[in-house]
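Before any comments, here is the structure.
What follows draws every value from the coordinates through simple rules; no lab data is involved. Bear in mind that the values here come from a model prediction, so they are computed numbers and not experimental data. Methodologically, a virtual Cβ is constructed for each residue, glycine included, from the backbone with ideal geometry; neighbour enumeration extends over all protein chains shown.
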Amino acid sequence: MSLYTFKRLNECTLDEAVQAWNLGFAEYYVDLTMTTQRFIQRFVQDELSVDLSFIAMKNDVPVGIVLNGVRNVAGRKVAWNGGTGVSVPYRGMGIGKVLIDQALKIYREEKVETATLEAIKANERAIGLYKSKGYELVDDLYQMSCDTPLSVLEDCAKSNSKELYTFRHGAPHELRPYEELMLWQAQWANFRRDGEVLFAYDKESRVSGYALYRIIFDAEGNEAGVSIGQCRLMAESEDKRELLYALLSRIVRPERDGYRRMVLVLGSNACLIEALRELGFQQTASQVYMIRTMEEMPQKELIG
């Protein structure tokens, strides 16, 4: 018999769920402490599921938590582990394995085809755990940031790029035709409520590229920054650097100082990383992107 019991978040009070999260991520690599309001906001923005997320209990004490989301992406049912945390006094006792086993059990019940997650690159123990449970390293993930003026971009919107391309703002759901398996938090569905897309078209009215982003506001409601989930250039685009700069110059307020600009970018996207670095962006977070193909799961997985 398992030493642990599990409570789905739909069986918990909001306070219990927030407490379990904060206990599970205490003394972590970065501060992930959340208020009740921030916890709710995260569930809405990241489309996490209270039905599929759970807390692990031992003797009625919360010892770990996993947040899960499931959605259809490009015709496949995809799960995302949005955080696996273990309370400090219980770390090193194998509870992480119990949590991942339970999460995989839920994915199997939901007929998930692909399971995904990200882990902080320095967290070798967690990465080793995920590998032992069938996840494979697919790519590195970086957050690139800059809050100083971007002089190179300041005149781009007025340059001759306007003769090569036309631009149109659209809604995130318009990216459905370009949907593919990618980082959960970079998918258009994560931006559907508060995001926007800037499309670039060539002279033949073909989409040459696009940027998916959301504006960030401070507590007083003032525009304070921008978060970019996707910045994609089509293969046939002739001058990728010029097109990239033209897109960015129209959404990142290049003239502003103290403006928070954040871009999620995979390590394999060397072109975008190089361009961002040349503009003055710096790497502010480093993770790994991991995927598990659920079809390869054994028929029975032990829990506990």
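What the table shows:
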| quantity | calculated |
| --- | --- |
| Net lengthening on full extension, E124/I40 (0.36 nm per residue, minus Cα-Cα) | 27.3 nm |
| Directionally averaged shadow of the chain, computed from the convex hull of its alpha-carbon atoms, nm² | 16.6 |
| R0 of 35 Å, Cβ-Cβ distance K105-R277: FRET efficiency to nearest 0.05 | 0.25 |
| Region 149-279 - Rg and Dmax from Cα coordinates, angstrom | 14.2, 43 |
| Trypsin sites (Lys or Arg not before Pro), loop per DSSP, at most 11 other Cβ atoms within 10 Å - longest free stretch of the chain | 1-110 |
| FRET efficiency, L3 to E163 (Cβ-Cβ, R0 45 Å, nearest 0.05) | 0.10 |
| Stretch in the chain that is longest and holds no GluC sites (Glu not before Pro) that DSSP places in a loop and that have at most 10 other beta carbons within 10 Å | 28-179 |
| Stretch gain in nm, segment V88-T33, where the contour uses 0.36 nm per residue and the Cα spacing is subtracted | 18.4 nm |
| Prolate/oblate/rounded call for region 14-146, Cα gyration tensor, a/c under 1.5 rounded | rounded |
| Label-point gap, in nm, between D15 and K77 - each point 7 angstrom along Cα→Cβ | 3.6 |
| Ellipsoid equivalent to region 198-261 - semi-axes via the Cα gyration tensor, in Å | 27, 11, 9 |
| Segment A285-F217, length gained on full extension (0.36 nm per residue, minus Cα span) | 22.4 nm |
| T293/E242 FRET efficiency (R0 35 Å; Cβ-Cβ; nearest 0.05) | 0.35 |
| Net charge of Cβ neighbours under 13 Å - reference L23; Lys, Arg +1; Asp, Glu -1 | -1 |
| Of the chymotrypsin sites (Phe, Trp or Tyr not before Pro) in region 188-284, those whose Cβ has at most 15 other Cβ within 10 Å and which sit in DSSP loop | none |
